[in-house]
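In what follows, a single structure is set out as structure tokens and then discussed.
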Amino acid sequence: MKALRAIGLKAAFRYGIFTLLYLVYRSLPVSQLRIPFLRLLGAKIGSNCVMHSVKFFNYYRTGFAGLTMGNDCFIGDESLLDLAAPLTLEDQVTLAERVLVLTHLNVGYADHPLQQHFPSSTDPVIIRKGSFLGAASVVLGGVEIGPRAFVAASALVNKSVSESQVVAGVPAKTIKTLS
């Protein structure tokens with residue numbers, strides 16, 4: 001009941017509808033079926049994209065219209081994409097396996113003792129043209145990954161990355177600039 005009081009009946013209904021639609025999405029076995037279904041639900045997805053077993057959460061907040069992908073994008077198995085705020089992948093972006101992209105921070109209900117220190121926030125994420133995110137990397141809300149940037153496997157990206165930068169580590173730091 002606490003959850004229903006916190007979000008309200010309208011949001012709970014929206015959550016229910018989007019959960020049913022998400023179950024249909026998850027039942028589609030291949031990218032060639034998933035992508036047209038996501039487009040039908042409002043996602044903007046370019047041509048020649050591949051989406052393996054990609055999972056979404058908070059899809060009821062922006063709807064699937066919160067997802068924008070350019071042409072020739074690739075998202076690897078078990079990647080997890082947060083749609084609490086808009087998520088944009090420009091042309092030729094690659095997310096390797098198990099990439100996590102977060103667009104929100106929330107430590108719990110309004111009465112959670114940490115709320116005063118870590119207030120809820122939602123911020124879009126933009127991954128610019130030709131960027132690569134390595135396996136198990138994590139991108140936090142409000143981050144912009146510049147064009148042709150390379151994020152190493154298991155990096156935690158908590159600040160925006162400039163064009164042609166190679167970043168690695170927790171938190172991610174620039175280790176090289178591509179020429």
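Taking region 141-171, which residues are within 16 Å of Arg98 (Cβ to Cβ) and assigned to a loop (DSSP other than H, G, I, E, B)?
We begin by selecting, within region 141-171, every residue within 16 Å of Arg98 (Cβ to Cβ); these are 151-157, 170.
Of everything in region 141-171, those that are within 16 Å of Arg98 (Cβ to Cβ) and assigned to a loop (DSSP other than H, G, I, E, B) turn out to be Ala152, Ala153, Ser154, Ala155, Val170.
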Q. What number goes with the only condition from (1) on the phi > 0 side of the Ramachandran plot; (2) in contact with a strand residue (DSSP E or B) (Cβ under 7 Å, 6 or more places away or on another chain) that Ile35 does not pass?
A. (1)
Q | Subset tally (residues that are in contact (Cβ under 8 Å) with a residue 24 or more places away in the chain and touching a His at 6+ places or on another chain (Cβ under 8 Å)) for region 108-138 | A | 2
**Q.** Evaluation of Gly70 against (1) surrounded by fewer than 16 Cβ atoms within 10 Å (Cβ to Cβ); (2) in contact with an Asp or Glu (Cβ under 6 Å, 6 or more places away or on another chain) (one fails), failing number
**A.** (1)
Q: Scan Ser137, Ser160, Ser121, Ser154 and give me the residue that is over 23 Å from Gly42 (Cβ atoms) and out of contact with any strand residue (DSSP E or B) (no Cβ under 7 Å at 6 or more places or on another chain).
A: Ser154
Q: Could you look through region 1-55, keep only residues that are surrounded by fewer than 16 Cβ atoms within 10 Å (Cβ to Cβ) and touching a Gly at 6+ places or on another chain (Cβ under 7 Å), and pick out the one that is nearest to Asp72 (Cα to Cα)?
A: His52
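Bear in mind these aren't lab numbers, they're just calculated from the coordinates by the rules spelled out. Owing to the predicted nature of the structure, the values given are computational and were not obtained by experimental measurement. Heads up, the Cβs are rebuilt from the backbone with ideal geometry, glycines too, and the neighbour counts pull from every protein chain shown.
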